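Right, one structure below, let's go through it.
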Amino acid sequence: MKITLETQPKDNNSKVNGYLFVILMWLVSRLVIIFAMQVVAPFMHTSPVHPYWQPPYPLDYTRGFFPQAGWELFSHWDGKWYRKIAVEGYSYANDGNQHSIAFYPLFPLISRGLMTFGIPFEVAGTVLNNLTFLGALLLLYYWVKERHGTNVARWATAVMAWCPFSLYGTVIYTEGLFLLLTTAALRAFDNRQYVWAAVCGALASATRATGITLLPTFILVAWQEKKPLSAYIAGLCVPLGLISFSLYCAIAFKDPLAFVHIQKTWAQPSWWYILTDAIAVGRDSLIKVVMVFGGGYMLWYFRHQLSKTAVTYGFCSLLLIIFSGALMSVSRYVYGIVSLSWALGLVFSRHNRWGYAILTWFAISLYAYAFNFSIWNWVA
């Protein structure tokens with residue numbers, strides 16, 4: 001009893017300090033994004049930002065556009081598609097044009113639910129993504145802390161919060177929700193909470209295509225670690241979100257794979273182009289190559305220190321991304337693999353100077369990405 005009384009305040013302080021650290025990382029990094037988008041971009045652009053574009057315009061929204069402070073700046077690119085789904089529902093036709101059925105349903109469905117309280121979509125989508133991103137950071141922090149302690153947990157959290165592609169945890173995209181669900185599913189599976197792993201896994205597969213990689217992850221780890229039958233059932237529950245979406249497509253559009261077939265209307269680079277452009281030091285292509293293959297190397301190097309669930313999920317996700325053909329946003333998809341933030345946190349915990357230098361570069365790039373996103377420049 002004496003030991004319990006003496007250690008309890010320390011445990012409570014540690015938990016409070018953990019919460020405060022995560023919230024601080026989330027808040028300060030989000031303020032950098034907000035400052036770039038809501039203050040700097042409107043101040044610098046008082047006339048149309050793309051006067052050199054000629055018809056046909058890349059998107060109708062970009063014609064004569066100039067940024068004005070407000071919620072609309074968070075809804076560019078995919079955000080406009082999610083708005084269309086939440087407000088009007090899905091559309092699809094096999095006519096060679098782009099349609100909203102390409103986007104998975106959970107994020108716009110929850111946004112629609114928030115809109116029933118009188119909240120505009122731009123507010124609902126932004127708040128949803130930011131809060132779920134904060135939840136993902138908290139889950140990552142405590143998952144890593146359980147295995148490596150506070151130092152590595154802080155570095156891993158800082159990596160996820162400050163990576164330039166964490167921009168998509170603030171604007172109206174699915175990154176926050178997807179990271180929350182996949183991290184919750186993986187941590188639950190590690191902790192033998194198979195019902196929770198099954199629920200979060202099914203929801204993840206209704207959020208983004210790469211959510212389906214939780215299926216082979218759970219099955220392979222269950223087999224390797226000789227887990228009980230409930231672990232295999234958790235894996236088999238993962239596709240339920242995707243299957244539900246497919247059933248909807250079959251009923252509404254007579255095509256259960258409409259969300260797959262529509263992908264051909266989005267132009268995608270090839271790996272040959274990405275690799276040759278990276279060799280020529282094309283910045284975006286070089287980032288893609290480093291993130292994909294550097295991420296794979298980190299997973300292999302730390303395979304005995306990360307949890308087996310995290311390693312297996314990381315490799316399954318990378319393989320799906322590599323062979324999916326959807327390569328335009330590879331960097332953003334790789335960022336959505338939580339295992340890589342954990343692995344990079346391990347690197348920085350051992351090499352602090354490199355960690356601080358790279359996080360500084362992350363912060364500068366995050367500001368630049370946010371600014372460019374707000375003026376309709378493609379980021380990832």
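Quick one: would you say Ser270 is surrounded by fewer than 16 Cβ atoms within 10 Å (Cβ to Cβ) and either out of contact with any helix residue (DSSP H, G or I) (no Cβ under 9 Å at 6 or more places or on another chain) or modelled with pLDDT of 95 or more (or both)?
yes
From the set of residues in segment 327-359 that are surrounded by fewer than 24 Cβ atoms within 10 Å (Cβ to Cβ) and among the aromatic types (Phe, Trp, Tyr), which is farthest from Phe302 (Cα to Cα)?
Tyr356
Report, by residue number, each residue of segment 111-157 that is outside any helix (DSSP H, G or I) and more than 23 Å from Lys308 (Cβ to Cβ).
If the condition is that a residue be outside any helix (DSSP H, G or I) and more than 23 Å from Lys308 (Cβ to Cβ), then Thr116, Phe117, Gly118, Ile119, Pro120 are the ones that fit.
When segment 180-194 is examined, which residues are found to be farther than 18 Å from Trp26 by Cβ and touching a Ser or Thr at 6+ places or on another chain (Cβ under 6 Å)?
The answer is Leu186, Phe189, Asp190, Tyr194.
Scan segment 307-324 for residues that are touching a helix residue (DSSP H, G or I) at 6+ places or on another chain (Cβ under 9 Å) and farther than 18 Å from Gln224 by Cβ and jot them down.
Matches in segment 307-324: Leu318, Leu320, Ile321, Ile322, Ser324.
Tell me, yes or no, whether segment 302-317 has at least one residue that is over 26 Å from Tyr104 (Cβ atoms), exposed (fewer than 14 other Cβ atoms within 10 Å of the Cβ) and modelled with pLDDT of 95 or more.
Yes: segment 302-317 contains one or more residues that are over 26 Å from Tyr104 (Cβ atoms), exposed (fewer than 14 other Cβ atoms within 10 Å of the Cβ) and modelled with pLDDT of 95 or more.
The values are calculated or read from the model by the stated rules, or taken from the named source; none is laboratory data. Owing to the predicted nature of the structure, the values given are computational and were not obtained by experimental measurement. Every residue, glycine among them, receives a Cβ derived from its backbone with ideal geometry; neighbour counts consider all protein chains shown.
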